[in-house]
1. Between (i) 77, 62, 42; (ii) 106, 62, 46; (iii) 70, 49, 42, which entry matches Cα extents along the principal axes in Å as derived from the coordinates of this structure?
2. In nm, what is the difference between 0.36 nm times the number of residues separating ASN35 and ASN312 and their Cα-Cα distance?
3. What distance in nm lies between label points placed 7 Å from Cα along the C-beta direction at ASP42 and ILE84?
4. Taking the alpha-carbon distance from LYS50 and a cut-off under 23 Å, which lysines remain once sequence neighbours fewer than 8 residues away in the same chain are dropped?
5. Placing +1 at every Lys and Arg Cβ and -1 at every Asp and Glu Cβ, with all other atoms neutral, what dipole size does the chain have around its Cα centre, in debye to the nearest 20?
6. Relative to 2.2 N^0.38 Å, what does the C-alpha radius of gyration of segment 142-245 come to as a ratio? Two decimals please.
7. Taking θ = phi - 60°, what integer Hz values does the Karplus form 6.51 cos²θ - 1.76 cosθ + 1.60 yield along segment 202-211, in sequence order, with x for Gly and Pro?
8. 5 Å is the cut-off here: which amide hydrogens, built 1.01 Å from N in the peptide plane, fall below it relative to PHE285, excluding neighbours closer than 5 in sequence?
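The values are calculated or read from the model by the stated rules, or taken from the named source; none is laboratory data. Predicted, not measured: the structure shown is a model, and the values here were computed from it. Glycine gets a Cβ as well: all are built from the backbone with ideal geometry, and neighbour counts include every protein chain shown. The protein model used for the area step is the full one, side chains on, heavy atoms only, and it has no ligands, DNA or RNA in it. Shrake-Rupley method; radii C 1.70, N 1.55, O 1.52, S 1.80 Å.
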Amino acid sequence: MLVANIFFIYNIIMFDVRTQNIPSDMINNAAGILNNKGIFLDAGAVPAKKPTNYIYEGEYSDNIFTDIVVNFSGIPEDEIKSGIPLPDTSGTLYKNKKKYTGGGYIFIFADLDYLHVSIMDESNEKSREDYGDVEQETDNEISVLTKTGITGIQKSEIKKAKDIIENFIKKYSSVQDVKSDFDVIGLKNENENGNRIEEVAINQKYDGLRINSNIAYAEIKDGAVTYFYGSWYFGYFDAKYKMPLLDSVNILFKCSEKDSSIITGDKLKKMNHEYNVLPTGSDKFYLIPSWQLEFESGKTLSYSMVTGSKNN
């Protein structure tokens, strides 16, 4: 009886593995076809496990602006100086942006991009500079930090910076903790007028996956965040959905069909799961699971697991 039970359990496990994974011969055949097309890869770089991620539905709301200000400033809503339009003096940098102040912080939001937020301590020197210049300078800094990454930085430094930023973000309290899962993807130390400043780039995550577009910059001084800037979602996810998702092999052929001209001669390094934000033109958006393809040249491409379409 024991032997029969073991055999039965083994067959159940093997059936589950076969249904959850792409057969190895299919991966090998795909690798051979793609290599013949000039898109080079080793079969070992192609994940066999089929994706099972959810699609999440989020919602934009003007109330999020006020909630962020109230939570970070700690003062009542009726005492907040809010909705002051920024002067449109430098092209599109100030267009459709509003400024809120309260509790020693300056908050700047973009009306047309509810994910974009800027929170600045009034003690930060940037608070006295032209915001258009600050925004452009910060965008450049994010680009530099994401390229240099965290190579050579001690794990203890990364953890310390992450803890400080996490405590700052958690000032925005919510029942569903969407906002505070992230990876540190760039870190460097600067000296500003004799003061040590840590500049950190972070990538927001949900359900264990990075959200491709949600990258923010945090400036740490004296153990506290004095400037937070970038794309970050502080709201809730109202629902989640299960749909059939395209596996790694299907995505590789989609990539071959759509982008062979830009990857021919390149070699696939690895494939990862990530989320991408899909706006709907209304007050809702969706987090769509996607495949991220990294090539040895440094090129990175992303494709929706739902439709196979290329993400911007």
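1. Entry (iii).
2. Length gained between ASN35 and ASN312: 97.1 nm.
3. In this crude spin-label approximation the distance works out to 5.9 nm.
4. Counting by Cα, and skipping residues close in sequence, LYS50 has these lysines nearby: LYS205, LYS240, LYS242, LYS254, LYS258, LYS267, LYS269, LYS270, LYS310.
5. So the magnitude is around 1300 debye.
6. Against the empirical 2.2 N^0.38 Å value, I get 1.15 for segment 142-245.
7. Per residue, the Karplus-derived 3J(HN,Hα) values read 10, 10, 5, 10, 8, 6, x, 10, 5, 8 Hz.
8. The list, which skips near neighbours in sequence, is GLY58, GLU59, TYR60.
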